[in-house]
Structure formats: structure tokens, C-alpha cells
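The values are calculated or read from the model by the stated rules, or taken from the named source; none is laboratory data. Model, not experiment: these values are computed from the prediction. Cβ sites come from the backbone with ideal geometry, for glycine too, and all protein chains shown count toward neighbours. Surface accessibility is based on the protein's heavy atoms, side chains included, excluding ligands, DNA and RNA. Shrake-Rupley method; radii C 1.70, N 1.55, O 1.52, S 1.80 Å.
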Amino acid sequence: QVQLVESGGGLVQPGGSLRLSCAASGNIFSISVMGWYRQAPGKRRELVASITSGGMTNYQDSVKGRFTISSNNTKNTVYLQMNSLKFEDTAVYYCYAGNSAADYWGQGTQVTVSS
């Protein structure tokens, strides 16, 4: 089992920045990929960015050049640095972690971009 705890969401003006953090605990050595999804009201949950245990990253096209995903040296915390935020980035952001057996999800953190 893997437990995920997110932090760092909030209210920000367009053009501003936020950093999300996700701390994993439990069987973290089994994790092969971590990342962030988001879900806006009335929309499907979508992948924002992911990072593998080997450090390979993947981004949704709409966030490339604005968002950066990274992890700490022990690979138990993943970060999402979000710059140049837009209205359309408003959503609940969910951390996830995957291994060969299952996917695990955090409780979600709200990001609201508003003037």
C-alpha cells in the first residue's frame, strides 16, 4: 500500500505561480511512476504531468513550458511547479502513484486561478 498526501493548492491570480507537493509513504520502493492529474467541474480527469522512477517526465501539451514536475532524492515526494497560471488551469489536482499492482491517489487539492 502507498499513501499520498498533497499540499500547496490555493488561489492565485492569472500569471502567478504555485507549487504542489505530494508526499508518499508506505511501500514507496515499489513505485514506478508518480504524477499529477486534474479535474475541472464538468470535465474528465486528465493527466497533467508524470515522472518515472528513472526520472523521465511527460507533460500534457497545454502545460508544457509552464509546469515542471520533479521529485526529491529519495523519490518519496513529487512536486509540480506551476508558472504562468491561466484561468483554465483551475481544477482539483490529484497526486497519483503507480506500481505493477495498483494505482494510488491523493485526496486532491484545489487550485483556483482568478482575478
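Contact map, the range 78-97: first residue closer than 18 Å to Gly42 by Cβ and open to solvent by 40 Å² or more (accessible area, probe 1.4 Å), second residue part of a helix (DSSP H, G or I) and not aromatic (Phe, Trp, Tyr), Cβ cut-off under 8 Å, separation 6 or more or different chains; pairs are Glu88/Ser62.
For the range 20-49, the set of residues classified as without any contact (Cβ under 8 Å) to a residue 40 or more places away in the chain and outside any loop (DSSP other than H, G, I, E, B) consists of Gly26, Phe29, Glu46, Leu47, Ala49, listed by residue number. Within the range 20-44, track down each residue that is under 20 Å from Thr112 (Cβ atoms) and either of a type in the set (A, V, I, L, M, F, W, C) or loosely packed, with under 14 Cβ neighbours inside 10 Å (or both). Listed by number, the residues that qualify are Leu20, Cys22, Trp36, Ala40, Pro41, Gly42, Lys43, Arg44. In the set (1) open to solvent by 40 Å² or more (accessible area, probe 1.4 Å); (2) of a type in the set (Phe, Trp, Tyr); (3) closer than 14 Å to Ser7 by Cα, the condition left unmet by Tyr59 is number (3). Among the residues making up the range 1-31, a single one is among the hydroxyl-bearing types (Ser, Thr, Tyr) and touching a Phe, Trp or Tyr at 6+ places or on another chain (Cβ under 9 Å): Ser21. Scanning the range 62-72 turns up at least one residue that is open to solvent by 70 Å² or more (accessible area, probe 1.4 Å) and either more than 11 Å from the chain's Cα centre (by Cα) or farther than 24 Å from Val12 by Cβ (or both).
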